[in-house]
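Each remark here refers to the structure printed beneath this line.
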Amino acid sequence: MFFPELLAPAGSPEKLKVAIAYGADAVYLSGQRFGLRSAADNFTATELEEGIRFAHQSGVKTYVTLNSFFHDSDFQGLDEFVQYLEGLEADALIISDLGVISYLNGKTKIPLHLSTQASCLNLDSALFWREMGVKRLILGREVSIEEAGKIKRGSGLEVELFIHGSMCMSYSGNCTISNLTSGRDSNRGGCAHSCRFEYSLDFPNEIEEGSDKKTRVNSSFMSSKDLAGIDLLPEFSRHEINSVKIEGRMKGPHYTATVVKNYREAIDLFKKQGEFKSRDLTLFSHEFSKVSHRDYTHAGLLAPAQAESIYQGREQENSSHIICAIIIEVKEADFLLLEVRSSFKQGEELEILTFSGDNISFASDKILTLDNQQVEKTKPGTLVKVAYQSGCLPLHMIRKKNPEFFPVNTQGGC
């Protein structure tokens, strides 16, 4: 049976390490130039070197994005950057622009992957890209799993599909709304996510014919629900999709850890069982509710996306849990050293997101500063010590219930 590679976002050095720790087979990341996520932290030259080395030492592949659409001036420095990546032995370059692929074809030994931005949706297109030297197709999000399988078999190329994360209402992400609304070029790394805004729509008042009165409706009609295809992993396997991709380089480490762990365990469980039981899918769904998200949809994975994939709710923190700390050091039988990300109180119920298996719940009965002064409530950005918990490791996320999600008097564990 065929099982896909699990490809995770690495928007920063920290998120790269988190993705790897929680089970990614490969990560995609970007330098300071040439990518479509300029608002992400991204990697300096030194961070690229350290990140790619760390990934390879962990047996994880690294794909570097050069996926913006180039103007002539953007080619300046490209040769030097690609040569630098060759020296680091990056595993692939993700490219959208035909001119960039043509320019680099034969100039680099790094395999070229076609970005989803290039809108490859059919076999003839795939055959063209094969002639251009592309080794893997990241197919447009309008392509179903079944169609992707046919393209793979007909072209002989590897294929990759998004399986989880934010979706774009425009065709394969080719959008210019934020160019007009905020002067930021979404196809050159500056997307302002204008499609997520709530807009006012004016309709003629049909009751009073001949009048100039209108009915105004506020709507998020261009905002898509989030993609979640974890229950479709058997279909990805059946059609031998080479890689399933998680969106989210601009999202936080809690999202990265939770989603990567969920998909890692799902793929491994499918390898073991050959199927998913209903209780498995319920557990996966429960875990996905713990990170910020919109309602979930299969989007175009089975059939073309329809009106039900539109997200009508307002943008808000829609997660049952929030990250409150990351474990920096484990002093066995003594304490856990935590970097605080959001405040938590003494005695508050916390949950440790382990790399695999059951999570660990505990109450922070005593919180100490580095000089062993007891505190009642932590402050973000500080280091504190809590009691040792068996099974904990550095980089484990610690989270708590989101007080905006639960009623004030909710009792019980995480």
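For the subset of segment 147-167 comprising residues that are under 26 Å from Val291 (Cβ atoms) and surrounded by fewer than 20 Cβ atoms within 10 Å (Cβ to Cβ), which member is modelled with the highest pLDDT?
The initial filter retains those residues of segment 147-167 that are under 26 Å from Val291 (Cβ atoms), namely 160-167.
Within this subset, residues satisfying the condition of being surrounded by fewer than 20 Cβ atoms within 10 Å (Cβ to Cβ) are 165-166.
Values: Gly165: 94, Ser166: 89.
Only one residue fits best here, namely Gly165.
For segment 114-146: of the residues being among the charged types (D, E, K, R) and free of Cβ contacts under 8 Å to residues at least 24 places away in the same chain, which is surrounded by the most Cβ atoms within 10 Å (Cβ to Cβ)?
From segment 114-146, those among the charged types (D, E, K, R) are 124, 130-131, 135-136, 141-142, 146; that's our starting set.
Checking the rest, the ones that are also free of Cβ contacts under 8 Å to residues at least 24 places away in the same chain come to 124, 131.
On the way: Asp124: 11, Glu131: 9.
By that ranking, first place goes to Asp124.
Please enumerate the residues belonging to segment 260-289 that are under 24 Å from Ala26 (Cβ atoms) and under 20 Å from the mean Cα position of the chain (by Cα).
Of everything in segment 260-289, those that are under 24 Å from Ala26 (Cβ atoms) and under 20 Å from the mean Cα position of the chain (by Cα) turn out to be Val260, Lys261, Asn262, Tyr263, Arg264, Glu265, Ala266, Ile267, Asp268, Phe284, Glu287, Phe288.
Can we say Leu16 is among the aliphatic types (A, V, I, L, M) and either over 18 Å from Ser115 (Cβ atoms) or surrounded by fewer than 20 Cβ atoms within 10 Å (Cβ to Cβ) (or both)? Full working, then the answer.
Numbers: among the aliphatic types (A, V, I, L, M): yes; either over 18 Å from Ser115 (Cβ atoms) or surrounded by fewer than 20 Cβ atoms within 10 Å (Cβ to Cβ) (or both): yes.
Answer is yes for this residue.
Could you tell me which numbered condition Glu142 fails, if it satisfies all but one of (1) closer than 22 Å to Leu301 by Cβ; (2) more than 26 Å from the chain's Cα centre (by Cα)?
(2)
Go through segment 330-365 and count every residue that is of a type outside the set (Ser, Thr, Tyr), surrounded by 12 or more Cβ atoms within 10 Å (Cβ to Cβ) and closer than 30 Å to Phe284 by Cβ.
18
Pick from Val384, Val340: which is over 28 Å from the mean Cα position of the chain (by Cα) and either modelled with pLDDT under 95 or farther than 22 Å from His164 by Cβ (or both)? Give the steps one after another, and end with the answer.
Numbers: Val340 fails: over 28 Å from the mean Cα position of the chain (by Cα).
Unique residue meeting the criteria: Val384.
Somewhere in segment 292-301, is a residue at pLDDT below 95, closer than 29 Å to Leu353 by Cβ, surrounded by fewer than 17 Cβ atoms within 10 Å (Cβ to Cβ) and out of contact with any strand residue (DSSP E or B) (no Cβ under 6 Å at 6 or more places or on another chain)?
Scanning segment 292-301, I find at least one residue that is at pLDDT below 95, closer than 29 Å to Leu353 by Cβ, surrounded by fewer than 17 Cβ atoms within 10 Å (Cβ to Cβ) and out of contact with any strand residue (DSSP E or B) (no Cβ under 6 Å at 6 or more places or on another chain), so the answer is yes.
Conditions: (1) in contact (Cβ under 8 Å) with a residue 60 or more places away in the chain; (2) farther than 24 Å from Ser224 by Cα; (3) not in a helix (DSSP H, G or I). Gly149 meets all but one. Number of the miss?
It is condition (3) that Gly149 fails.
Looking only at residues in segment 387-408 that are within 26 Å of the chain's Cα centre (by Cα) and assigned to a strand (DSSP E or B), which one is modelled with the lowest pLDDT?
Within segment 387-408, the first condition is being within 26 Å of the chain's Cα centre (by Cα), and the residues that meet it are 392-406.
Narrowing the set further to residues that are assigned to a strand (DSSP E or B) leaves 397-401.
On the way: Met397: 97, Ile398: 98, Arg399: 97, Lys400: 95, Lys401: 92.
So, considering only residues that are within 26 Å of the chain's Cα centre (by Cα) and assigned to a strand (DSSP E or B), the one modelled with the lowest pLDDT is Lys401.
Scan segment 327-340 for residues that are free of Cβ contacts under 8 Å to residues at least 60 places away in the same chain and out of contact with any Asp or Glu (no Cβ under 8 Å at 6 or more places or on another chain) and jot them down. Steps first, please.
Restricting attention to segment 327-340, the residues satisfying the condition of being free of Cβ contacts under 8 Å to residues at least 60 places away in the same chain are 331-337, 339-340.
Across segment 327-340, the qualifying residues are Lys331, Glu332, Ala333, Asp334, Phe335, Glu339, Val340.
Scanning for something loosely packed, with under 15 Cβ neighbours inside 10 Å, outside any loop (DSSP other than H, G, I, E, B) and of a type in the set (S, T, N, Q), does segment 169-180 turn up at least one residue?
No, segment 169-180 has no match at all.
Of the conditions (1) in contact with a Gly (Cβ under 7 Å, 6 or more places away or on another chain); (2) part of a strand (DSSP E or B), Glu142 clears all except one; give me its number.
Of the numbered conditions (1) in contact with a Gly (Cβ under 7 Å, 6 or more places away or on another chain); (2) part of a strand (DSSP E or B), the odd one out for Glu142 is (2).
Look through segment 247-290, keep the residues that are among the aliphatic types (A, V, I, L, M) and without any contact (Cβ under 8 Å) to a residue 40 or more places away in the chain, and return whichever of them is surrounded by the most Cβ atoms within 10 Å (Cβ to Cβ).
Of segment 247-290, the ones among the aliphatic types (A, V, I, L, M) are 250, 257, 259-260, 266-267, 269, 281, 283.
With the extra rule that they be without any contact (Cβ under 8 Å) to a residue 40 or more places away in the chain, the set shrinks to 266, 269, 283.
On the way: Ala266: 21, Leu269: 17, Leu283: 15.
My answer is Ala266.
Please go through segment 63-94 and pick out each residue that is surrounded by fewer than 20 Cβ atoms within 10 Å (Cβ to Cβ) and polar (S, T, N, Q).
Ser73, Gln76, Gln83
Could you grab me the full set of residues in segment 226-275 that are in a loop (DSSP other than H, G, I, E, B) and of a type outside the set (Asp, Glu)?
Here is the first cut: in segment 226-275, the ones in a loop (DSSP other than H, G, I, E, B) are 229, 239-242, 247-252, 274-275.
Of everything in segment 226-275, those that are in a loop (DSSP other than H, G, I, E, B) and of a type outside the set (Asp, Glu) turn out to be Gly229, His239, Ile241, Asn242, Gly248, Arg249, Met250, Lys251, Gly252, Gly274.
The values are calculated or read from the model by the stated rules, or taken from the named source; none is laboratory data. Remember, it's a predicted structure, so these values are computed and weren't measured experimentally. When we count neighbours, we look across all protein chains shown, and the Cβ atoms used for this are built from the backbone with ideal geometry, even at glycine.
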